[in-house]
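Q: Structure in structure tokens, see below.
The values are calculated or read from the model by the stated rules, or taken from the named source; none is laboratory data. Computed from a predicted model, the values in this text were never measured in an experiment. When we count neighbours, we look across all protein chains shown, and the Cβ atoms used for this are built from the backbone with ideal geometry, even at glycine.
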Ligand SMILES: [Zn+2]
């Protein structure tokens, strides 16, 4: 084997002396704090809409949710300069240690909110919001029509406590009682946008279908889907902080689990009575996969696009032989498939093929 030239570098020291946020910012990429992370435009793809590049100062790493690539400071320099590992180390070593460390980089929040650790008051406010949203849904024909059009039957709407935020009821309700301050801290309510002319507080999820994460009958988190796809508002908006796994309770202790990329893929799987969960995206760090300890098989229901394929590879590394990515038809997610005639049967066939793969894998694995 060739000698490893990189040994000339103390890689750990390079990483220590060159915080990844400084390196990224040093390339002129503007980073803004978002919860515990920093977010900016990814230089590796045409990042025109919402910024996809996330920098995690706590783990000194970065990740682009569109490209599905990430790594440490060295990896960033490598990709940005189109050079090899050794050259990237040289480049870093040649820099003054922390040249930009004294410039005012935006600081992420010190502590990211953990949604599974709410105070009593916060929990009451979350449950209140969940109940109000549920009530609003049945009074909003547009929202009901949207859910039915996406193939979500009413019994799933009820079972999952889906709701609709009408944009004003929560503030009024909490004003008459208490919990306004907690609702603001949780991010449910915020100041209205300037020049919106709106009175009162702004409901973060106003005008959206609201999907709660339920634990032990309590609502601990929300993610909201807009009813219309427009250029000015993201399709999905979630409460800030670490995203809990959606549907976690349905898979804890189960032998089989279905990892669904999107919220509506998850709802389709629930409709089919499958033990499903969703990371609401393609990223779920290894240290948060403990709830799958008893699962022998985890089926991956990821979109048939580049990000989905990259995610499938990452989960494969984390879950090893238990991971069975299912190959959905090109350009189709599970929700799309579920709405096609014969979609459920087709999905069963895909799962069957995954099971065969499992058996093959076992015999070779010895
Ligand atoms: Zn990218």
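Q: Which of the residues that make up the range 315-347 are touching a residue at least 40 places away in the same chain (Cβ under 8 Å) and buried (at least 18 other Cβ atoms within 10 Å of the Cβ)?
A: Correct list: 315, 333, 334, 335, 337, 338, 347.
Q: Among the numbered criteria (1) touching a helix residue (DSSP H, G or I) at 6+ places or on another chain (Cβ under 6 Å); (2) assigned to a loop (DSSP other than H, G, I, E, B), which single criterion is violated by residue 234?
A: (1)
Q: Another question, then. Provide a single number: the residues in the range 158-170 that are in a helix (DSSP H, G or I) and in contact with a strand residue (DSSP E or B) (Cβ under 6 Å, 6 or more places away or on another chain). Give the derivation first.
A: Going residue by residue through the range 158-170, those that are in a helix (DSSP H, G or I) are 158-159, 169-170.
Still in the list and also in contact with a strand residue (DSSP E or B) (Cβ under 6 Å, 6 or more places away or on another chain): 170.
Looking only at that region, the number is 1.
Q: With (1) closer than 28 Å to residue 331 by Cβ; (2) out of contact with any helix residue (DSSP H, G or I) (no Cβ under 7 Å at 6 or more places or on another chain); (3) at pLDDT 95 or above as the list, and residue 222 as the residue in question, which single condition is left unmet?
A: Failed condition: (1).
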